[in-house]
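The values are calculated or read from the model by the stated rules, or taken from the named source; none is laboratory data. Small disclaimer: the values here were computed from a predicted structure and weren't measured. Because the Cβ atoms are built from the backbone with ideal geometry, glycine has one as well, and the counts that use them run over all protein chains shown. Each accessible area value is taken on the protein alone, full model and side chains, heavy atoms only, with ligands, DNA and RNA left out. Shrake-Rupley method; radii C 1.70, N 1.55, O 1.52, S 1.80 Å.
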Amino acid sequence: MAAALPNAAHSAGGRRPGTPLIALAAGGVFGVAQTLVAQRCGLLRFAAANSEWSSIELGTLVWLSAASVVLGVLSARRITHARRAQDAFVLGAAGLGSLLAVPLATSSAAWAAIYGGDVATGRVVLHVLLGAGLGLVAAAVAQRYRAAAVGLATGIALTWGFAVLAGLLRPGRPPILDHPDLGIGAAGSGQRFGGLVVALLYGAAIGIVWSTRTLRSRAAAAAIGPALAAAAYLLVLPFGGQSWPWSPIPTALAAVPLAATGAVLAGTLTDRFQRRRD
């Protein structure tokens with residue numbers, strides 16, 4: 001009887017009891033926490049003084065919502081050690097929890113509108129929902145493939161690190177995801193170059209550090225983090241208007257194959273070095 005209890009815990013195809021509930025809570029925590037930090041760091045302002053940056057901020061909002069779903073699913077699986085490859089209940093719970101960010105994001109837009117901001121709260125809600133949908137797709141891939149899970153987790157952490165740093169160094173304007181400003185050239189050129197350099201170095205780091213995996217897995221892990229940011233920007237195009245100081249989309253798209261290339265090149269050199277040592 002006692003020996004049957006562990007099997008009963010996985011009767012739903014590998015899902016431990018309570019995993020969807022934990023995913024719901026984790027998605028909500030990450031949705032609220034990320035939105036609060038984004039507001040404090042200047043990622044979400046919707047202010048009249050930066051009205052030309054509204055599409056940048058809406059892209060950030062999409063990315064934040066997607067990241068909340070991904071982190072909610074990954075946290076739930078980590079906490080419960082769930083083994084199921086694909087679980088729609090866990091995905092849906094994390095997506096639902098991430099929507100707790102809606103009141104915070106809309107209140108930010110509403111306060112900005114009082115002082116001349118032009119981003120309607122309805123557009124904010126729409127982009128949170130778009131991000132939740134993107135997060136469901138990304139989290140579903142992460143549930144199935146370990147390389148995707150590792151790549152998304154590290155990519156989200158890296159993007160947050162650069163965004164917070166950019167907000168501290170340049171408090172007068174919203175940070176642009178995956179585009180650290182290197183302070184060179186005309187407006188936008190420093191961020192574009194910084195985005196490409198970061199993508200290459202990030203991919204190379206994964207190729208070197210994750211040496212226990214195949215080159216294909218390392219390339220996939222390196223590419224999926226930048227791909228999430230690029231997809232967030234692309235989702236803004238049909239609904240976000242044309243308020244761009246300059247478009248980060250070309251660089252964001254180029255960063256995806258560049259990160260994969262960096263992982264393959266650095267991984268190949270690392271593997272050769274290890275074989276020579278052995």
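When only DSSP loop residues count, what chymotrypsin sites (Phe, Trp or Tyr not before Pro) in the stretch 114-172 have their Cβ near at most 12 other Cβ atoms within 10 Å?
TYR115
How large is the charge dipole for the chain, taken about the Cα centre, if only the Cβ atoms of Lys, Arg (+1) and Asp, Glu (-1) carry charge, to the nearest 20 debye?
Here the chain has a charge dipole of around 1020 debye.
On full extension of the chain, what length is gained from TYR115 through SER189, given 0.36 nm per residue of separation minus the C-alpha to C-alpha distance?
Extra length available between TYR115 and SER189 comes to 23.5 nm.
Please calculate how many Å² of accessible area the chain carries per residue, with a 1.4 Å probe and no DNA, RNA or ligand atoms counted.
Per-residue accessible area for the chain comes out at 46 Å².
Whole percent per 5 Å bin, from 0 to the bin with the longest distance: what is P(r) over all C-alpha pairs of the stretch 55-144?
Reading the bins upward from 0: 3, 15, 25, 19, 13, 10, 7, 4, 2, 1, 0.
If packing is taken as the average number of other Cβ atoms within 10 Å across a peptide's residues, how do 209-215, 56-62, 245-251 rank, most packed first?
Output ranking for 209-215, 56-62, 245-251: 56-62, 245-251, 209-215.
If R0 is 51 Å, what FRET efficiency do you get for LEU237 and SER211 from their C-beta distance, rounded to 0.05?
Computed FRET efficiency for LEU237 and SER211 comes out at 0.85.
Hey, what's the Kirkwood Rh for the chain if you take every pair of different alpha carbons, in angstrom?
19.4 Å
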